[in-house]
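The values are calculated or read from the model by the stated rules, or taken from the named source; none is laboratory data. Small disclaimer: the values here were computed from a predicted structure and weren't measured. Note: ideal-geometry Cβ built from the backbone for every residue, glycine included; neighbour counts use all protein chains shown. Only protein heavy atoms, including side chains, enter the accessible area calculation; ligands, DNA and RNA are left aside. Shrake-Rupley method; radii C 1.70, N 1.55, O 1.52, S 1.80 Å.
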Amino acid sequence: MVHRMVAQGQSLTGITPDHLRRCLRYLQKSGHTFVSLEEIILALKNKTPLPGKSVVFTMDDGFSDQARIAAPIFHEFDCPLTFFIITGLIDQAMWPWDAKVSWIVDNSKKTMLNIEFSDESLTVKLGDDRKCRLARQTLRDVIKEMDAELVPDILNRLALAADVTIPDVIPAIYQPLTWDTARELEANGVRFAPHSMTHRILSKLGRASVEQEIRGSWETLQRELANPLKVFCYPTGRVLDFGPREIGLLKNEGFLGATATAPGFIEPGKSRDDLIYRLPRFALPENMTDLIQHCSWIEHARYRRAFH
């Protein structure tokens, strides 16, 4: 699972082009096989084997740096890529709440933020990179547990405490790819799939809103692209962010499966049906040592011992 890509001169946290190339080159030279997400799901459904040491790559959200920097690198290595996109972001109708949290923290001139929630107050320190990184994570974690319908008001209060104004126009650092770019990438083999309309956490929404997030994002992809993949990606994707309601809706709507962010390996032929609707994914490590460990038989054995 890959998120943001970092170009030279950017302060953004993410994966550099050189590191992504090193990862793909290592996997290629060490005998791993790049397969598509659709292949994995069909193998799980049909209980059919896959090549040994198979690896799948996905990318979440739909920011322009992902299309501009990452997609060509995957193409260099002939590595299938499934791109989960927030359709409202590509439509320029909104930008994600968690990106707004980062923007507020990064643009505040204050050294400390105090914000009152309904039943608690929270104080975070700002200043250097470490403090801002911790503040971003703390605020996101707190907001994730709240009713998703209340998040816009919470963000406004956070912006007021930070003495900044949230821009109506999406800032350059959070600019999405365009539908034209998506169509060009699709023509070159990239698959696109829905990541909701607004990136709100589904378990924190009412049923009607969840249905809209799922159906609306899929209908937009069908309208804009020639061959979208009917696999859903849960916003934020923790085990608390979706449940039987969301899985049931996806099944009823005919989705092939869905991905989460809980880390884990996938074993074709040994999986329950529901696993297809909560496929685990490892975040691409930021260093080679962790990547090699994730891909080693030792890590696989340790995982099996812990979770089986």
Open item on the list: So, taking all protein chains as they sit and a 1.4 Å probe, how much accessible area belongs to residue 277, in Å² rounded to tens?
Closed with: 10 Å²
- [ ] Could you check what % of the DSSP bridge pairs in the chain are antiparallel, to the nearest 5?
- [x] 25 percent
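Net charge around residue 151, counting only other residues with Cβ within less than 14 Å of its Cβ (Lys, Arg = +1; Asp, Glu = -1)? All intermediate terms of the calculation are to be shown ahead of the outcome.
On the way: positive: 100, 140, 144, 157, 200, 204; negative: 98, 141, 145, 147, 149, 153, 213, 241.
Its environment carries a net charge of -2.
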Task: Listed residues 204, 29, 125, most fluctuating in the chain (Gaussian network, C-alpha, under 10 Å) - done: 29
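Heavy atoms only, probe 1.4 Å: what % of the accessible area of the chain goes to carbon and sulfur, would you let me know?
Values: 7580 of 15040 Å².
The C+S portion of the solvent-accessible surface of the chain is 50 percent.
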Open item on the list: I want to make sure I understand the PRE zone here: with the label point 7 angstrom from the Cα of residue 238 toward its beta carbon, which residues in segment 91-129 have backbone N atoms less than 15 Å away?
Closed with: 98
Open item on the list: What distance in nm separates the two pseudo spin-label positions at residue 208 and residue 175, each 7 Å out from Cα along the beta-carbon direction?
Closed with: 3.7 nm
Task: Radius 15 Å from Cβ of residue 177, net charge of other residues (Lys, Arg +1; Asp, Glu -1) - done: -4
Open item on the list: Can you pull out the GluC sites (Glu not before Pro) in segment 29-126 whose DSSP state is coil and whose Cβ has at most 10 other Cβ atoms within 10 Å?
Closed with: 120
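Hey, with R₀ at 41 Å, roughly what FRET efficiency would residue 302 and residue 129 work out to, going by the Cβ-Cβ distance, to 0.05? All intermediate terms of the calculation are to be shown ahead of the outcome.
Working: r = 32 Å, r/R0 = 0.78.
For R0 = 41 Å, the calculated efficiency reads 0.80.
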TODO: Return one number: the angle in degrees, 0 to 90 and rounded to the nearest 10, between the long axis of the Cα atoms of helix 37-46 and the longest principal axis of the Cα atoms of the chain.
DONE: 60 degrees
TODO: Extending each Cα 7 Å along its Cβ direction at residue 165 and residue 275, get the distance between those two points in nm, one decimal.
DONE: 5.3 nm
Open item on the list: If I model a spin label as a point 7 Å beyond the Cα along the Cα-Cβ vector, how far apart are those points for residue 53 and residue 112 in nm?
Closed with: 5.4 nm
Task: Accessible surface, per residue, of the chain when the full set of protein chains is kept, probe 1.4 Å, Å² - done: 49 Å²
Open item on the list: Taking just the alpha carbons, could you work out the radius of gyration and Dmax for segment 84-133, both in angstroms?
Closed with: 14.0, 36
TODO: Any chance you could tell me what percent of the C-alpha pair distances in segment 187-308 go past 17 Å?
DONE: 62 percent
Task: Expected 222 nm ellipticity per residue - DSSP helices of 4 or more, -39500 (n - 2.57), all of the chain, to 500 - done: -12000 deg cm²/dmol
Open item on the list: Per q in 0.08, 0.13 Å⁻¹, report the Debye log10 I(q)/I(0) for the chain, using one uniform scatterer on each alpha carbon and no solvent.
Closed with: -0.36, -1.00
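What's the ranking of 184-192, 100-108, 257-265 by average number of surrounding C-beta atoms within 10 Å, highest first? Kindly include the intermediate steps, with their values, before the conclusion.
Details: 184-192: 16.9, 100-108: 20.9, 257-265: 18.7.
The most tightly packed comes first, giving 100-108, 257-265, 184-192.
Dipole of the chain, Cα-centred, from +1 at each Lys and Arg C-beta and -1 at each Asp and Glu C-beta, to the nearest 20 debye?
Values: 38 positive and 39 negative charges, 210 e Å.
Roughly 1000 debye for the chain.
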- [ ] Compute the Cα gyration tensor for segment 158-219, then decide on rounded, prolate or oblate, letting a ≥ b ≥ c be the square roots of its eigenvalues: rounded whenever a/c is under 1.5, prolate when a/b is larger than b/c in the other cases, and oblate in all that remain.
- [x] oblate
Task: Cα-based helix-to-principal-axis angle, 17-29 vs the chain, degrees rounded to 10 - done: 20 degrees
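What is the extension gain from residue 21 to residue 119, computed as 0.36 nm multiplied by their sequence separation minus the C-alpha to C-alpha distance, in nm to one decimal? Display every interim value, and only then the final one.
Numbers: separation 98, 0.36 × 98 = 35.28 nm, distance 4.69 nm.
So the extension gain works out to 30.6 nm.
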Task: For segment 96-174 versus segment 187-222, the gap between their alpha-carbon centres in whole angstrom - done: 24 Å
Open item on the list: Compute the angle between helix 97-107 and the longest alpha-carbon principal axis of the chain, please, reported from 0 to 90 degrees and rounded to the nearest 10.
Closed with: 50 degrees
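Loop-only GluC sites (Glu not before Pro) in segment 208-308, please: DSSP not H, G, I, E or B, and at most 16 other Cβ atoms within 10 Å.
Numbers: sites: 211, 213, 219, 224, 246, 253, 286, 299; in loops: 253, 286.
Here the GluC sites (Glu not before Pro) that fit, given the DSSP loop and packing criteria, are 253, 286.
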